[in-house]
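Here is the structure we will look at.
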Amino acid sequence: MSANLSDSTLEPPKVGATLQNLRQAQGLSLDELSRRAGVSKSMLSQIERNQANPTVAVVWRLANALRVEMSELLSGERPAAPAIETVASHATPSLASPDGLCTLRILGPIDLAGQFEWYELLVQPGGALESAAHEPGSREHLSVLSGSLEVTAGAVSQTLKGGETARYAVDGPHAIRNRGGEPATALLVVLHP
């Protein structure tokens, strides 16, 4: 008895669109992915255009370079997200101001950057987080947890103490300063239109 297989079941999976979507979602150029995976740029381009099917070894290299499971790359389906995703303290990225007196711990996931961002802000005495204008309609919400911070938006300034929250437009220059003698901590949420 012979199995009756259709032609479509004998074709290898087409990973081109999935590869391109994953690469672009991570902001990677073909050159960067080529370097990370050890696969030539021309081969990557052919795979993305479905003009070549990668070997298992190439799929493994690409999956590792993109930090995804091989099954996701082959099927185009994302594995189910865990019920609770935990990010270790050491894995939470942070940014420091040029003077080193302000530290922003990036609490929001990278895929929400440019839409909805939230940070833990630590400002040493004399420190200032000065920002250029964001796109029109953007707003910040600053909740002071300890110490006090001065918020300036446009020509208006206001001092907040622990437990207070300020909400303000940031489509112009704005700043958060610690004019007190103690470190201040706050949560900062940025909403983009």
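Laid out as a table, the results:
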| item | result |
| --- | --- |
| Accessible surface of the chain, 1.4 Å probe, proportion on carbon and sulfur as whole % | 54 |
| Cα long-axis angle, helix 56-66 against the chain (0 to 90 degrees, to the nearest 10) | 10 |
| Loop-resident sites, segment 110-185, for trypsin sites (Lys or Arg not before Pro), counting at most 15 other Cβ within 10 Å (DSSP) | Arg179 |
| Stretch in the chain that is longest and holds no GluC sites (Glu not before Pro) that DSSP places in a loop and that have at most 12 other beta carbons within 10 Å | 86-193 |
| Average accessible surface area per residue within segment 90-193, 1.4 Å rolling probe, Å² | 55 |
| Charge dipole (segment 91-193, unit charges on Cβ, about Cα centre) - positive-most of Gly137, Leu112, Leu160 | Leu160 |
| Cβ-placed point charges (K, R +1; D, E -1), dipole of the chain about Cα centre in debye, nearest 20 | 280 |
| Area of Trp118 that stays accessible when all protein chains are in place (1.4 Å probe, Å², to 10) | 80 |
| Two-decimal ratio, segment 45-124, of alpha-carbon radius of gyration to 2.2 N^0.38 Å | 1.59 |
| Hz values of 3J(HN,Hα) by residue in segment 84-92 - Karplus curve (6.51, -1.76, 1.60), Gly and Pro given as x | 9, 9, 10, 10, 5, 4, 5, 8, 7 |
| Set of segment 156-179 residues, backbone N closer than 16 Å to the point 7 Å along the Cα-Cβ line of Asp99 | 174-179 |
| Set of segment 11-53 residues, backbone N closer than 20 Å to the point 7 Å along the Cα-Cβ line of Ala113 | 20-37 |
| Gain in span if fully extended, Ala88 to Asn21, counting 0.36 nm per residue against the direct Cα distance | 21.4 nm |
| Folded to 0 to 90 degrees: helix 16-25 orientation relative to the chain principal axis, Cα | 10 |
| Gained length - Arg179 relative to Met43, 0.36 nm times residue gap less alpha-carbon distance | 43.3 nm |
| Using θ = phi - 60° and Karplus 6.51 cos²θ - 1.76 cosθ + 1.60, couplings along segment 67-72 (whole Hz; Gly, Pro as x) | 6, 10, 6, 4, 4, 5 |
| Heavy-atom accessible area ranking, 1.4 Å probe, most first, across Leu142, Leu30 | Leu30, Leu142 |
| Reference-scaled alpha-carbon Rg (2.2 N^0.38 Å with N residues) for segment 38-193 | 1.44 |
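The values are calculated or read from the model by the stated rules, or taken from the named source; none is laboratory data. Everything numeric here is computed off the predicted structure, so don't read it as measured data. Please note: Cβ atoms are built from the backbone with ideal geometry, for glycine as well, and neighbour counts cover all protein chains shown. Calculation scope for accessible area: heavy atoms of the full protein, side chains included, ligands and nucleic acids excluded. Shrake-Rupley method; radii C 1.70, N 1.55, O 1.52, S 1.80 Å.
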